[in-house]
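Enquirer: Dropping a structure here in structure tokens format, bear with me for questions.
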Amino acid sequence: MTSENLITQDLQPLDMIDVSDPAIYQEDRWAPLFARLRREAPVHYCAASRYGPFWSVTRYNDIMAVELDHATYSSELGGVQVEDQPVDMKRGSFIRLDPPRHTTQRKTVAPIAAPANLASYELTIRQRTRAVLDELPRNETFDWVDKVAIELTTMMLATLFDFPWQERRMLTFWSDVAICNVNAPDAPVRSEAERFAELLRMADAFKVLWRERAATARKLDLVSMMAHSEDTRGMPEMEFVGNLALLIVGGNDTTRNSMSGGLWALSENPGELAKLKANPALVPSLVAETIRYQTPVIHMRRTARRDVELAGQTIRQGDKVVMWYVSGNRDERAIPEPDRFLVDRARPRAHLSYGAGIHRCVGERLADLQLRVLWEEILRRDMRIEVVGRPVRVYSNFLRGFRSMPVSIKA
Ligand code: HEM
């Protein structure tokens, strides 16, 4: 951040601030904008953005109030992103539903990350993590995002869906397709129509698996679970596509970006790495702190069902309300020294990255597990991983992530 940028941001009239611009996340210059909003206009109205007018909720406690009042703040009326899905290409999924349909569909897939099932995954995750780490090149620059973060999370996804192993990178591709900003220079699809066509190809591939699983006994994979549940087996095709995309993106990009975000934060804070090496029991705390500090999901959006007051502002029925988790996680009113990355924070789990209330992340324990195992294995090997160049960040106002991160491991 140059001083010139800082001055421009401070001089910008409040009502001109538009935090939905994906460039501010790619260029990593969102923090001072949100600090100003939290201070001067914690519930802020942006009258004109490329996604239309919207309210920004920026303080921790106000975000929590919106999360917990799902009767007022609907996920079903307008979806969960500041950008609306095109009307003729809507892909419903249960994250975009309110009760009662949300409740039954969530129940179908939630057991995938229940504690007993996680215990059965841990050994597999550890074996794969060990294999991936042991095969990494030494004394040579490579891309951490591709060789570690994408590789490990894609393997996990293939297991969750029991997807054909050799074709597992298709899951990564579809995840990027489902969630990318089509205007990003490196987007895998260039228009909403292209995105839609590719997601239909994904649905075709999954339909084959669905038929197979429906014809055999129910087992612990997401396709089988949906094919056998009363609440999901008859769902219309577009809802099937939407739910697959939700589970693929949910299980993939967020965890992937936390694997890269943790390495980046530790490389920027060598003192914290030293603490961790001296006391590996801090790993669970490192994981929680990484998820707060990285905030892999930048925002979730709701739509007001009725006129409502929030922090002194009157929100009208039908207005878009955006909860900026990146901002709530840096709210000094709720989190001490929020801009510091501290592996021994007193209450590291007190963050908003997994949301709250009825939509709180289904896969959080699974994400925590994958990250814990990764860092335990890195520390056990005493790997000296050096980030040797600037990481490239993703152009998105929804997922905060890394496209690439050059690293080298000392032999
Ligand atoms: C670090 C990793 C992850 C982060 C930061 C994350 C974050 C989130 C957030 C913010 C929400 C919305 C919460 C709300 O609206 O209150 C959510 C929902 C969800 N997540 Fe995650 N997630 C992660 C990993 C996963 C994984 C591994 C899975 C799948 C196995 C998953 C599946 C889901 C699903 C299905 C929902 C929708 C829940 C609902 O609407 O009831 N997530 N996640």
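The values are calculated or read from the model by the stated rules, or taken from the named source; none is laboratory data. Since the model is a prediction, treat every value here as computed from it, not as a measurement. So basically every Cβ, Gly included, is an ideal-geometry build from the backbone, and we count neighbours across all protein chains shown. Side chains included, ligands, DNA and RNA excluded: accessible areas come from the protein's heavy atoms. Shrake-Rupley method; radii C 1.70, N 1.55, O 1.52, S 1.80 Å.
Enquirer: Quick test of your reading of the structure: Thr103 fulfils all but one of (1) at pLDDT 90 or above; (2) within 11 Å of the ligand (Cβ to nearest atom); (3) under 13 Å from Gly251 (Cβ atoms). Name the failing condition by number.
Expert: Thr103 satisfies every listed condition except (3).
Enquirer: Just name the residue that is most open to solvent (accessible area, probe 1.4 Å) out of those in region 47-71 that are in a strand (DSSP E or B) and among the aromatic types (Phe, Trp, Tyr). Spell out the reasoning first.
Expert: In the first step, residues of region 47-71 are kept if they are in a strand (DSSP E or B); the result is 54-57.
Those left that are additionally among the aromatic types (Phe, Trp, Tyr): 54-55.
Details: Phe54: 2, Trp55: 21 Å².
Among those that are in a strand (DSSP E or B) and among the aromatic types (Phe, Trp, Tyr), it is Trp55.
Condition check ((1) over 28 Å from Ile17 (Cα atoms); (2) surrounded by fewer than 19 Cβ atoms within 10 Å (Cβ to Cβ); (3) within 16 Å of the ligand (Cβ to nearest atom)) across all residues:
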| position | (1), (2), (3) |
| --- | --- |
| Arg316 | no, yes, no |
| Trp324 | no, no, yes |
| Gly328 | no, no, yes |
| Arg333 | no, yes, no |
| Asp339 | no, yes, no |
| Gly357 | yes, yes, yes |
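Enquirer: Here's a follow-up. Residue by residue through region 286-317, note down the ones that are over 12 Å from the mean Cα position of the chain (by Cα) and part of a strand (DSSP E or B).
Expert: Of region 286-317, the ones over 12 Å from the mean Cα position of the chain (by Cα) are 286-290, 293, 301-317.
Selection gives Arg301, Arg302, Thr303, Ala304, Val308, Glu309, Leu310, Gln313, Thr314, Ile315.
Enquirer: Still on this structure: Name the one entry in Ser93, Ser74 that is open to solvent by less than 10 Å² (accessible area, probe 1.4 Å) and more than 11 Å from the ligand (Cβ to nearest atom). Steps first, please.
Expert: Details: Ser93 fails: more than 11 Å from the ligand (Cβ to nearest atom).
Within the list Ser93, Ser74, the selection yields Ser74.
Enquirer: Return the pair list, or none, for Cβ contacts closer than 8 Å from residues in region 290-308 that are in contact (Cβ under 8 Å) with a residue 40 or more places away in the chain to residues that are near the ligand (Cβ under 9 Å from one of its atoms) and aromatic (Phe, Trp, Tyr), at least 6 apart or on different chains.
Expert: Ile291/Tyr354; Thr295/Tyr325; Val297/Tyr325; Ile298/Tyr325; His299/Tyr325; Met300/Tyr325
Enquirer: If we scan region 395-405, do we find a residue that is within 13 Å of the ligand (Cβ to nearest atom), part of a helix (DSSP H, G or I), surrounded by 13 or more Cβ atoms within 10 Å (Cβ to Cβ) and modelled with pLDDT of 95 or more? Reasoning before the result, please.
Expert: Of region 395-405, the ones within 13 Å of the ligand (Cβ to nearest atom) are 398-401.
Now narrow it down to the ones that are part of a helix (DSSP H, G or I): none.
No - not one qualifying residue is present in region 395-405.
Enquirer: Quick test for you: out of Leu366, Leu374, pick the one residue that is farther than 30 Å from Thr104 by Cβ, among the hydrophobic types (A, V, I, L, M, F, W, C), within 16 Å of the ligand (Cβ to nearest atom) and assigned to a helix (DSSP H, G or I). Spell out how you get there, then give the answer.
Expert: Working: Leu366 fails: farther than 30 Å from Thr104 by Cβ.
Checking each option against the conditions leaves just Leu374.
Enquirer: While we're looking at this one, here's another question. Looking at (1) surrounded by fewer than 13 Cβ atoms within 10 Å (Cβ to Cβ); (2) under 23 Å from the mean Cα position of the chain (by Cα); (3) assigned to a helix (DSSP H, G or I); (4) not basic (Lys, Arg), which is the only condition Leu33 fails?
Expert: Going through (1) surrounded by fewer than 13 Cβ atoms within 10 Å (Cβ to Cβ); (2) under 23 Å from the mean Cα position of the chain (by Cα); (3) assigned to a helix (DSSP H, G or I); (4) not basic (Lys, Arg) one by one, Leu33 breaks only (1).
Enquirer: While we're here: Determine whether region 156-173 contains at least one residue that is of a type outside the set (Gly, Ala, Ser), within 20 Å of the chain's Cα centre (by Cα) and modelled with pLDDT of 95 or more.
Expert: For region 156-173, residues of a type outside the set (Gly, Ala, Ser), within 20 Å of the chain's Cα centre (by Cα) and modelled with pLDDT of 95 or more: absent.
Enquirer: Let me ask something else about it. Consider Ser120 carefully, then state whether it is open to solvent by less than 20 Å² (accessible area, probe 1.4 Å), assigned to a helix (DSSP H, G or I) and either at pLDDT below 95 or under 30 Å from Ala71 (Cβ atoms) (or both).
Expert: Values: open to solvent by less than 20 Å² (accessible area, probe 1.4 Å): no; assigned to a helix (DSSP H, G or I): yes; either at pLDDT below 95 or under 30 Å from Ala71 (Cβ atoms) (or both): yes.
Answer is no for this residue.
Enquirer: Restricting attention to region 257-308, which residues are among the aliphatic types (A, V, I, L, M) and either within 11 Å of the ligand (Cβ to nearest atom) or open to solvent by 20 Å² or more (accessible area, probe 1.4 Å) (or both)? Reasoning before the result, please.
Expert: Just the residues of region 257-308 that are among the aliphatic types (A, V, I, L, M), to begin with: 259, 263, 265-266, 273-274, 276, 278, 281-283, 286-288, 291, 297-298, 300, 304, 308.
Those that are among the aliphatic types (A, V, I, L, M) and either within 11 Å of the ligand (Cβ to nearest atom) or open to solvent by 20 Å² or more (accessible area, probe 1.4 Å) (or both): Met259, Leu273, Ala274, Ala278, Ala281, Leu282, Val287, Ala288, Ile291, Val297, Ile298, Met300.
Enquirer: Could you pull out the residue among Leu246, Leu200, Leu209, Leu220 that is open to solvent by less than 30 Å² (accessible area, probe 1.4 Å) and at negative phi?
Expert: Values: Leu246 fails: open to solvent by less than 30 Å² (accessible area, probe 1.4 Å); Leu200 fails: open to solvent by less than 30 Å² (accessible area, probe 1.4 Å); Leu220 fails: open to solvent by less than 30 Å² (accessible area, probe 1.4 Å).
Every option except Leu209 fails the conditions.
Enquirer: Among the listed residues Leu352, Leu366, which satisfies the condition of being at pLDDT below 95 and either open to solvent by less than 30 Å² (accessible area, probe 1.4 Å) or touching a Cys at 6+ places or on another chain (Cβ under 9 Å) (or both)? Spell out how you get there, then give the answer.
Expert: Values: Leu352 fails: at pLDDT below 95.
None of the others qualify; the one that does is Leu366.
Enquirer: Right, here's the next one. May I ask you to say which residue of Gly251, Gly271, Gly262 is small (Gly, Ala, Ser) and out of contact with any helix residue (DSSP H, G or I) (no Cβ under 7 Å at 6 or more places or on another chain)? Walk me through it before giving the result.
Expert: Details: Gly251 fails: out of contact with any helix residue (DSSP H, G or I) (no Cβ under 7 Å at 6 or more places or on another chain); Gly262 fails: out of contact with any helix residue (DSSP H, G or I) (no Cβ under 7 Å at 6 or more places or on another chain).
Being small (Gly, Ala, Ser) and out of contact with any helix residue (DSSP H, G or I) (no Cβ under 7 Å at 6 or more places or on another chain) holds for just one of Gly251, Gly271, Gly262, which is Gly271.
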